[in-house]
Every structure is written in structure tokens, then in C-alpha cells.
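To keep things clear, I will list the structure first and then write my remarks on it.
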Amino acid sequence: MQQHPSSEVNVNQRIARISAHLDPPNIQMENAATVSRLNCRAKGGTAGYKVAILGAAGGIGQPLAMLMKMNPLISVLHVYDVVNTPGVTSDISHMDTGAVVRGFLGQQQLDEALTGMELVIIPAGVPRKPGMTRDDLFNINAGIVKTISEAIARCCPNAIVNVISNPVNSTVPIAAEVLKKAGTFDPKKLLGVTMLDVVRANTFVAEVLGLDPRDVDVPVVGGHAGVTILPLLSQVKPPCSFTPKEVDDLTYRIQNGGTEVVEAKAGAGSATLSMAYAAVKFADACLRGLRGDAGIVECAFVASQVTELPFFASKVRLGRTGAEGIYPLGPLNEYERAGLEKAKRELATSIQKGVSFIRK
């Protein structure tokens, strides 16, 4: 039986739609193919935000991509990496949630991955291994963040950017310097993700108090490495008090939570699953801010005047343009004031290291 031409077109379109999920678009192949790939758009796809994950095939990137695919505020999810993106794309595209997934492989597709994005999440880079400090990662990850930031300046200069790549205390200043050079830097839109420190603090404090972690709120300020991580245990909600030993133990554990996981994994990686969870929690707060929800307040490492340092993590109010308000630290006790001075000394060095990497 001869097929009607229009039904043949429909079949070809359906094949193209399926194939768009299976492989990232390849421009040269597309021009030669008889069935050109469509930009795949699920029927009835809900209105929402366009989000890109850069480093989506890595230890953080994969669970992060899966969790973001589940977020109802997202309509289009771009997953990018230099290896293995087709597999991740195919895998999460089978999930029956509204976000349409597109994969991008290799640096030649970085610009395409970023074009039109409203939120960009960057877990790209190498993870920490036993014995490595976050600064040991610097030389590799600094170059990766520089390349990505240049592409953001070209392709989606108005996007909100969530930086996860460590060392965050240096990679956020690197991104800022690149965006300044390109003339697209908006301090409200560049956010270093320190949410894992808050998530850990909430969990560890809840254990001591015998509460549900979801009912605990611990402000964590400073930076995102070692002594720069300063939990303000005097400001915990619900109000409570700790013995000096509890304060010492909690502060130490919160500051060294990453090392705890690196050592427990014994060479098999760093904190990837809890980091993905924390990143999604923060990204969701950014999206709710973009939507115009009121009262979205989270801790993040941002360009700041809270201290004399150019960047600092504290509570920020998230809105339609990013970090629309930065809260002061509030009253600190003597222990916290001493911790703050120690944090600032180390933070100043890390920030300068990032700035010098671009200005050298």
C-alpha cells in the first residue's frame, strides 16, 4: 500500500523527534541527513524556565541533572559536558516529567548549550581526592570556569549563574573578572553555591537537638572551604543554646564535612549526592525568585559589602534579578567574631588568587 505523502512527513517528524532525544545535535550530520532532527518539544510542555547544567556527566552533574529534570519550574533542560553527555541525556529524557532535555557534547557545542538560558549551573571540573585541598583543584578548575564564563558572556549574559566548581572562594572571583572584561558582569546574578554547608549545618545541629533537620535553620557565612565556613550557631532557629564543647565540635564538623565524605569514599570520589541535593535546593530557590515569589532567602557567596572583602557568603534575598538584597551578619558572639577574623584572612588570599588568575 502506498503511503500518503503527508503521513510519511508525520512519520519522519516523529522519528526526528525521537532521535533528538538520543543524540546531541550534530550540525554537519544534520545537513546531510534525510530526516533532519527537530528541536524536540514535548506536547503540552508547560511554560517554565530554561536551565543549563555544565558538567552534567560528572559525579555531581548526573544526580543534579536527574533532580532538575524533576523540577516543575523547568521547561527546557540543557545538559552539557566534554564526555558522556549523550548517555545522560538519553537516560534522564525518559523520565515522565515536563522538562524537555537536550544534550550537548564537547566545547564546540558549549555556545549552543548556553544560548537563551535563564539559569546556568556549573558543577564542571575535577573532584577532590583524598589528601587534596580545594586549592589543589585550582589549576584545573580555574581554566574550566574561565572558558565557561567567557561563553556565558557571549551567549546568555543575563542568566543567573550558580557556581559549584571548587574552590568556590576562587572560582566565583574568576567568573566575575571574566564577565567584567566582557562588560556583562551583574553582581546580583553571579552566585557561589555554599548551600551544602547550610544543609550539613542543619543536619548536624538537628542531630544534637533531636529535631527534624527540615525544622532547623543555621546561617553559614564566610566562604566554602575549611575555616572560611562559619556557622553562626548563636543565630540558629529555633532558638537554642549549646555548650562550648558542642559549639567546637559542630563548627569543626561543619567546616570539615567535605573531608569526612572524601575519606569515607576512600578514593572513590567526594561529596556528590549531598552536593547535588544542595545545588538543586539552591537552584529551586533561584527559580522561585525569578518567578517573583516573596521571601526567598538563602546563603550564597556573592559580591558583597557586608565585610571589607569583595566577596562573602551571607544570607541573600533572591528575586527576579538574582540576589536583590544582601543581609548583614547580625549579632555575633565572641567565638564567632574570632572565627570571622580567621575566615576573612584565608578568604582574602583565595579571592586574590582567583582575581590574579585572570589579571595575570
Does Ser241 meet the test of being polar (S, T, N, Q), more than 24 Å from Cys286 (Cα to Cα), open to solvent by 10 Å² or more (accessible area, probe 1.4 Å) and in a loop (DSSP other than H, G, I, E, B)? yes
Filtered residues of region 91-110 (kept if in a strand (DSSP E or B) and of a type in the set (D, E, K, R)): Arg102
Quick one: is Phe301 at pLDDT 95 or above, touching a Pro at 6+ places or on another chain (Cβ under 8 Å) and within 15 Å of His224 (Cβ to Cβ)? no
How many residues are closer than 30 Å to Leu290 by Cα, open to solvent by 20 Å² or more (accessible area, probe 1.4 Å) and among the polar types (S, T, N, Q) if we restrict to region 311-360? 1
Of Ile121, Ile148, which residue is in a helix (DSSP H, G or I) and within 14 Å of the chain's Cα centre (by Cα)? Ile148
Out of contact with any Asp or Glu (no Cβ under 7 Å at 6 or more places or on another chain), acidic (Asp, Glu) and farther than 26 Å from Gly258 by Cα - does that describe any residue in region 135-148? no
With the condition kept exactly as written, say whether any residue in region 154-165 is in contact (Cβ under 8 Å) with a residue 24 or more places away in the chain, of a type in the set (Lys, Arg) and crowded, with 18+ Cβ neighbours inside 10 Å. no
Can you name the residue in region 74-119 that is among the acidic types (Asp, Glu) and in contact (Cβ under 8 Å) with a residue 60 or more places away in the chain and is also surrounded by the fewest Cβ atoms within 10 Å (Cβ to Cβ) among such residues? Glu112
Determine whether Val355 is of a type in the set (A, V, I, L, M) and not in a helix (DSSP H, G or I). no
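To keep it simple, each residue is scored yes or no on (1) in contact with a strand residue (DSSP E or B) (Cβ under 8 Å, 6 or more places away or on another chain); (2) more than 20 Å from Cys286 (Cβ to Cβ); (3) among the acidic types (Asp, Glu).
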{"position": "Val101", "(1), (2), (3)": "yes, no, no"}
{"position": "Gln107", "(1), (2), (3)": "no, yes, no"}
{"position": "Asp111", "(1), (2), (3)": "no, yes, yes"}
{"position": "Ile122", "(1), (2), (3)": "yes, no, no"}
{"position": "Gly131", "(1), (2), (3)": "no, yes, no"}
{"position": "Ala142", "(1), (2), (3)": "no, yes, no"}
{"position": "Arg154", "(1), (2), (3)": "no, yes, no"}
Would you pick out the residues in region 300-354 that are among the aromatic types (Phe, Trp, Tyr) and under 30 Å from Asn158 (Cβ atoms)? Phe301, Phe311, Phe312, Tyr327
Does Thr228 count as modelled with pLDDT of 95 or more and surrounded by fewer than 17 Cβ atoms within 10 Å (Cβ to Cβ)? no
State the number of residues belonging to region 318-340 that are touching a helix residue (DSSP H, G or I) at 6+ places or on another chain (Cβ under 8 Å) and on the phi < 0 side of the Ramachandran plot. 13
Per the filter on region 252-276, residues in contact with a Leu (Cβ under 8 Å, 6 or more places away or on another chain) and surrounded by fewer than 22 Cβ atoms within 10 Å (Cβ to Cβ) are Gly257, Ser274
Selected residue (only one of Val261, Val221, Val236 is of a type in the set (A, V, I, L, M), in contact with a Ser or Thr (Cβ under 7 Å, 6 or more places away or on another chain) and under 23 Å from Val316 (Cα atoms)): Val221
Select, from Val198, Val261, Val227, Val236, the only residue that is under 18 Å from the mean Cα position of the chain (by Cα) and not polar (S, T, N, Q). Val198
What number of residues within region 167-183 are in contact (Cβ under 8 Å) with a residue 60 or more places away in the chain and assigned to a helix (DSSP H, G or I)? 11
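The values are calculated or read from the model by the stated rules, or taken from the named source; none is laboratory data. Predicted, not measured: the structure shown is a model, and the values here were computed from it. For neighbour counting, all protein chains shown are included, and Cβ atoms are generated from backbone atoms with ideal geometry for every residue, glycine included. The protein model used for the area step is the full one, side chains on, heavy atoms only, and it has no ligands, DNA or RNA in it. Shrake-Rupley method; radii C 1.70, N 1.55, O 1.52, S 1.80 Å.
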